[in-house]
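Colleague: Before I ask anything, here is the structure I am working with.
The values are calculated or read from the model by the stated rules, or taken from the named source; none is laboratory data. Source: prediction; values computed, not measured. Note: ideal-geometry Cβ built from the backbone for every residue, glycine included; neighbour counts use all protein chains shown.
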Amino acid sequence: MALFLRASEQSGVRKLSQFINFLEENEHSDWVEQRYFYQFWLILHQRSPIRNGEIEDDDGAKAVLDEALALLGNRVLHVREGRGIIQTAKRFSIQELLIHVEEGNNELS
């Protein structure tokens, strides 16, 4: 999540394919060879919109995602389907995802 947020802020990454390119350009291409990379994005898509602390512990997903989602702070992550299929590794493919980080409301202001 930290790398995605950095890519979003620095490079304007808004699609999963753009994030994969960012990973490859920044020496993290091994991530796209791992099943958990794709599972992570599928879980985020299924539970979108996502706010820090709002994942329920139904199948252990909460424990896995808590640390990543804490990086969102008060922001909201939206993940929805895009067009096309991304095929970067022989073993894995995933539908393009459109990813948007929205600044959350600060309830104290």
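Colleague: Taking region 14-56 only, how many residues are within 18 Å of His78 (Cβ to Cβ) and of a type in the set (Val, Ile, Thr)?
Modeller: Residues of region 14-56 that are within 18 Å of His78 (Cβ to Cβ), as a first pass: 14-19, 40-55.
Next, only the ones that are of a type in the set (Val, Ile, Thr) stay: 43, 50, 55.
Residues flagged as within 18 Å of His78 (Cβ to Cβ) and of a type in the set (Val, Ile, Thr) within region 14-56 amount to 3.
Colleague: Taking region 1-52 on its own, how many of its residues are in contact (Cβ under 8 Å) with a residue 60 or more places away in the chain and farther than 23 Å from Arg83 by Cβ?
Modeller: Final tally of qualifying residues: 3.
Colleague: Test of understanding: among Gln34, Gln18, which residue is at pLDDT 95 or above and either of a type outside the set (A, V, I, L, M, F, W, C) or under 16 Å from Val101 (Cα atoms) (or both)? Let's see the steps before the verdict.
Modeller: On the way: Gln34 fails: at pLDDT 95 or above.
Checking each option against the conditions leaves just Gln18.
Colleague: While we're here: Can you name every residue in region 1-46 that is touching a Phe, Trp or Tyr at 6+ places or on another chain (Cβ under 8 Å), aromatic (Phe, Trp, Tyr) and surrounded by fewer than 14 Cβ atoms within 10 Å (Cβ to Cβ)?
Modeller: none
Okay, residues lined up against (1) out of contact with any Asp or Glu (no Cβ under 8 Å at 6 or more places or on another chain); (2) assigned to a helix (DSSP H, G or I); (3) among the hydrophobic types (A, V, I, L, M, F, W, C):
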| site | (1), (2), (3) |
| --- | --- |
| Leu3 | yes, yes, yes |
| Arg6 | yes, yes, no |
| Ser17 | no, yes, no |
| Asn21 | yes, yes, no |
| Glu24 | yes, yes, no |
| Trp31 | yes, yes, yes |
| Tyr36 | yes, yes, no |
| Phe40 | yes, yes, yes |
| Ile43 | yes, yes, yes |
